[in-house]
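The values are calculated or read from the model by the stated rules, or taken from the named source; none is laboratory data. Bear in mind the structure is a predicted one, so any value in this text is a computation, not a measurement. Using ideal geometry, Cβ is built from the backbone for each residue, glycine included, and neighbour counts are taken over all protein chains shown. For accessibility, only protein heavy atoms count, side chains too; no ligands or nucleic acids. Shrake-Rupley method; radii C 1.70, N 1.55, O 1.52, S 1.80 Å.
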Amino acid sequence: MNLFYATFIPGLQNFIAVVVRERLSDVKINKLLDGAVLFETETSYDKLNFLCFNNIFAVINLSEGNHAKNAKIRNERKGDENFYTAEIENCIKYFIKESNSSPLKTPCNSVFNIKTIADNSSNIKTFRIIVSNENVPAAIDEKLRAEAEKQISRLSGLKVNRVLADTEFWFLRRNEGFSIFMKRLTLRSSWEKTLHKGELPPPLAWTLCRMADLSHNDTALDPFCGYGSIPGAAVKYFHITKFIACDNDEDTFKYTYNKFKKRKSGGIILHNMDFIKLPSVIENKTIDVIVTDPPWGHHKEIDNKGFLIKMFDIFYKLLKDGGRAVLLYVNDDVFKNAIPDFFEIQTQTPVLLSGKKAVIYALKKNN
């Protein structure tokens, strides 16, 4: 069995559990955490094809025993960075000790999956070690780091590059009482470094489309499409044949228009206009589903209450009776209080996005 550790947007754990179980008939979810899941499956990484994860790691070792024994001490010393560092360093020392006693030909001893360390594609030449305490970089003794690098290099045949490495080996400590030694399988930069300001991360765009229960024959709408993350995900992964997208910012619209033109993304109809004008180009009650990330006022000030009244009025006009809407919005009472009686809240899922508390609302228009 392959053991994976995958990260996702905090708050989506119940959604993630459903998706994982749907995709993998043999899956065993070992730990379902806020922002991460540990699961076993016979399926190899190249066939997982999950679009809701930020990153996926192959687990080399899972250490729980020492944490469980020291639970009382850990609680007493909560917030003590020296204690946290000691826990991580003990895991690294254990790896060094065990790997010294494990012959290279052994694919997996009783503790460490040596095969995971050694198996790397031909384009992977270098690695670096990441040490993390609850997803925050942690400093460790440099001699210990160098010794761990030496052992990984011996087992993998890779060279150390602490700046621009082809892959990463992580020692991660979690507050739930365990540590993981693992290899990162996703080899892209963090979304914060690659996305435009206000652009939705692809996993979140996919998640919104999935929560909207998109069907290929739906007529869908995103009145605030920005850089096109939602319509792009809908057409590519949910095979929507008619997706209407709108944005009133001219520069953003040009970027999105050119992006879809280059990709030759058929099925997307773009409008550069304010959402209030949409009834002039869309007939009333012709939209099956709206999936969108409306402006929250975090980039420029807006009259939230007045904006939401206008938005729901447009939604009511364009959506078919029984139509649905999935929206991401800041977590406050203004949005919830603005939802008119002709919309019913189906679900509301609190999430944490770039440090901001938000909610994914799934609504249904009453007949």
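Using the Cβ-Cβ distance between residue 321 and residue 2 with R0 set to 56 Å, the FRET efficiency works out to roughly 0.75. Rounded to the nearest whole angstrom, the semi-axes of the ellipsoid equivalent to the chain, taken from the Cα gyration tensor as √(5λ), stand at 45, 22, 19, largest first.
Once the Cα-Cα distance is subtracted from the 0.36 nm per residue extended length, the residue 140 to residue 64 segment shows a gain of 25.4 nm. Computed with a 1.4 Å probe on the full set of protein chains, the accessible area for residue 128 sits at about 70 Å². With a Förster radius of 41 Å applied to the beta-carbon distance between residue 272 and residue 18, the computed FRET efficiency rounds to 0.65.
For the stretch 188-248, averaging the sequence separation of C-alpha pairs within contact (under 8 Å, six or more residues apart) and dividing by the residue count gives a relative contact order of 36 percent.
Charged neighbours of residue 5, selected by a Cβ distance under 12 Å, balance to +3 (K, R count +1; D, E count -1).
Taking a straight line from the alpha carbon of residue 93, these lysines sit under 19 Å away, with near neighbours fewer than eight places off in the same chain left out: 69, 143, 150, 183.
Here's how it looks for residue 31: its modeled amide H is under 5 Å from those of 38, which are all 5 or more places away or on a different chain.
Using a cutoff of 8 angstrom between alpha carbon atoms and counting only pairs six or more residues apart, the relative contact order for the chain works out to 13 percent. Helices in the chain, meaning DSSP H runs of at least 4 residues, each add -39500 (n - 2.57). Divided by all residues, the mean residue ellipticity at 222 nm is -9500 deg cm²/dmol.
Taking 0.36 nm per residue of separation and subtracting the Cα-Cα distance, full extension of the segment from residue 337 to residue 309 would add 9.0 nm. FRET efficiency for the residue 193 to residue 122 pair, using the beta carbon distance and R₀ = 30 Å, is estimated at 0.70.
The figure for residue 211 is an accessible area of roughly 50 square angstrom, using a 1.4 Å probe on the protein chains alone. Extension gain for the segment residue 154 to residue 281, taken as residue separation times 0.36 nm less the Cα-Cα distance, is 39.3 nm to one decimal. Taking Cβ atoms as reference points and 11 Å as the exclusive limit, the residues near residue 26 contribute a net charge of +1, counting Lys and Arg as +1 and Asp and Glu as -1. Among 164, 33, 200, which one shows the biggest mean-square fluctuation in a GNM of the chain, springs joining Cα atoms closer than 10 Å? In this elastic network of the chain, the residue with the biggest mean-square fluctuation among 164, 33, 200 is 164. Rolling a 1.4 Å probe over the protein heavy atoms gives the stretch 120-223 an accessible area of 47 Å² per residue.
Using a Gaussian network model of the chain in which every pair of alpha carbons under 10 angstrom is joined by a spring, one finds that among 232, 267, 11 the greatest mean-square fluctuation is at 267. Using θ = phi - 60° in the Karplus curve 6.51 cos²θ - 1.76 cosθ + 1.60, the 3J(HN,Hα) couplings for the stretch 269-283 round to 10, 10, 10, 9, 7, 6, 4, 4, 8, 4, x, 7, 10, 10, 5 Hz; x is entered for Gly and Pro.
Looking only at GluC sites (Glu not before Pro) in DSSP loops with at most 12 other Cβ atoms within 10 Å, what is the longest site-free stretch of the chain? By the stated rule (loop sites, at most 12 other Cβ atoms within 10 Å), 177-282. Counting only Cβ charges, +1 for Lys and Arg and -1 for Asp and Glu, the dipole size of the stretch 1-52 around its Cα centre is about 60 debye. For residue 346, the residues 5 or more places off, or on other chains, whose built amide H falls under 5 Å of its own are 362, 363, 364.
Among residues other than residue 365 with Cβ under 13 Å from its Cβ, the summed charge is 0 (Lys and Arg +1, Asp and Glu -1).
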